[in-house]
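Structure first, commentary second.
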Amino acid sequence: MEISEAGKDFPVIRKGGIIYLDSACQSLRPDSVIKAMIEYYEDLSSCGGRSVHGMASKVSVEMDETRERLASFFGTKDPDCYIFTKNCTEGLNTVARGLHFSSSDTVVTTDTEHNSNHVPWLLLSKETGIKRRFSKSSSEGEFNIEEFKKCMDRSVKLVSICHSGNVTGCVVPVKEVTEIAHDYGAEVLVDGSQAAPHMKVDLDKLDVEYYSLSVHKMLGPSGMGILYGKRECLNKLKPLCSGGGTVGTVTYDTAESAPIPDKFEAGLQNYSGIMGTKAAIEYIERIGMENITINDRALMKKILSETEDIKGLEVVGPKDNEKRCGVFSFNIKGMSPHDVAMMLDKADNIMIRSGMHCSHPFFLRENIDGSARASVYLYNTMEDVIRFSSALRKIAETFSH
């Protein structure tokens, strides 16, 4: 499938009139994902992994096939290592709460993390006394491998980093980070919510212990995420939630844990979401991840060139499109980012995000109140970018000071 034709597969785009540039928050969904979810409710509306009647058995098969598709997509061989969560945040919290930390342990993150990969460690440090270290980035949010090395010693139990920043779009060299972490005996957890939709992620090559992502950012249903873990790591990890489905034999006094992945998936699951997840992965595979990456960079290059001379525009993050993974964060001097977003929406039906994007520490460090953020994906076109840039220029010329 040609990526230039992707827009026709998305009902919101087919209806016309809008430019959707908020995919870093949540992507749109193609017909095939919506169809897969409806198919569950119309044809298979029952539980997986419990009943043995025909409908339930088909749901169980769909769950297995989705894990197999995920394993193939992310370059690993064990489908059981993919846990269904409701989002990336739940996956990160599962690891934070599931590992056994002591007050002598240290957790290293970057200083540009999303709150989902900052707040759990902040709370855990107050509860258990674990130490925190922040790998310092540049003023533009670029990862510095030498600063990271300074954070490492034998007290570091876990390195928890974002693969790609949701404000600056800067990409962390995860493979290199992992090799360094392993040299010190530390494990690695990655927040892949912004990277997985936009670049090829080969988990076998990256060699990380854990990788969490939000499926709703990569064409999948709301309320669906994935936590990957190496089998030996998941076996030792304590579940975030327990109950039905997570156990084997239970007596009044004991509960035998079920094997992975079941031990992490308490209660009934989002079966329509799981079927939609498989459809989303299949759609991305038809487009081709390499084509998505190329398209992203071309759109980022066009945005940067079209907006570079706009009055009062200040880019948050690097100005090199090769260093921005699908997001363009900016401010217009003298204007609130919320005002910019509302004007684009009301006047031109252009939808972006505004605020601190759940990355408060970074903005506070840089003494910035927040930013507007336009984020692209496979259904966006050069015409979208030109329309966005033109509307932004009019706003700046009228209101910037």
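Taken together, the values in this text are just the output of simple stated rules run on the coordinates, not laboratory data. Remember, it's a predicted structure, so these values are computed and weren't measured experimentally. When we count neighbours, we look across all protein chains shown, and the Cβ atoms used for this are built from the backbone with ideal geometry, even at glycine.
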Can you pull out the chymotrypsin sites (Phe, Trp or Tyr not before Pro) in region 197-280 that DSSP calls coil and that have at most 11 other Cβ atoms within 10 Å? TYR252
Please give the Cα centre distance for region 231-299 versus region 66-118, rounded to the nearest Å. 11 Å
Using only the alpha-carbon atoms, how far is helix 174-183 inclined from the longest principal axis of the chain? Give it as 0 to 90 degrees, nearest 10. 50 degrees
Give the long-range amide H neighbours of THR85: residues separated by 5 or more places, or on another chain, with amide H under 5 Å away, using H modelled in the peptide plane at 1.01 Å from N. GLY225, ILE226, LEU227
Using only Cα atoms, find the angle between the long axis of helix 119-128 and the longest principal axis of the chain, and express it within 0 to 90 degrees, rounded to the nearest 10. 50 degrees
Positive-end residue of ILE368, MET63, THR112, charge dipole of the chain with Cβ unit charges: ILE368
15 Å beta-carbon shell around THR381, net charge (K/R +1, D/E -1): -1
The chain: Kirkwood hydrodynamic radius (Cα pairs, Å) comes out at 22.1 Å
Would you mind checking the tilt of helix 289-307 against the longest principal axis of the Cα atoms of the chain, expressed as 0 to 90 degrees and rounded to 10? 30 degrees
For the chain, share of DSSP beta bridges that run antiparallel, in % to the nearest 5: 55 percent
23 Å Cα-Cα threshold exceeded, pairs from LYS301/LYS394; LYS230/LYS323; LYS136/LYS319; LYS8/LYS217; LYS205/LYS302: LYS230/LYS323; LYS205/LYS302
Test of understanding: given the chain, find the longest segment containing no trypsin sites (Lys or Arg not before Pro) that are in a DSSP loop and have at most 13 other Cβ atoms within 10 Å. 155-318
Neighbourhood net charge (12 Å Cβ-Cβ; Lys/Arg +1, Asp/Glu -1) for GLN26: +2
Return LEU123, LEU213 ranked ascending by Cβ neighbour count within 10 Å, so the fewest neighbours appear first. LEU123, LEU213
State, as an integer percentage, the relative contact order of region 32-286 based on alpha-carbon contacts under 8 Å between residues 6 or more apart. 26 percent
Quick check: net charge around GLU127, other residues with Cβ under 14 Å of its Cβ, Lys/Arg +1 and Asp/Glu -1? +3
Neighbour-count ranking for GLU187, GLU290 (other C-beta within 10 angstrom, fewest to most) reads GLU290, GLU187
Taking the Cα centroid of region 135-190 and of region 300-367, what is the distance between the two, rounded to the nearest whole Å? 25 Å
P(r) for region 345-401: what percent of alpha-carbon pairs falls in each 5 Å bin, starting at zero? 4, 15, 21, 22, 17, 15, 6, 0
Among SER160, SER222, which comes first, then next, by fewest other beta-carbon atoms within 10 Å? SER222, SER160
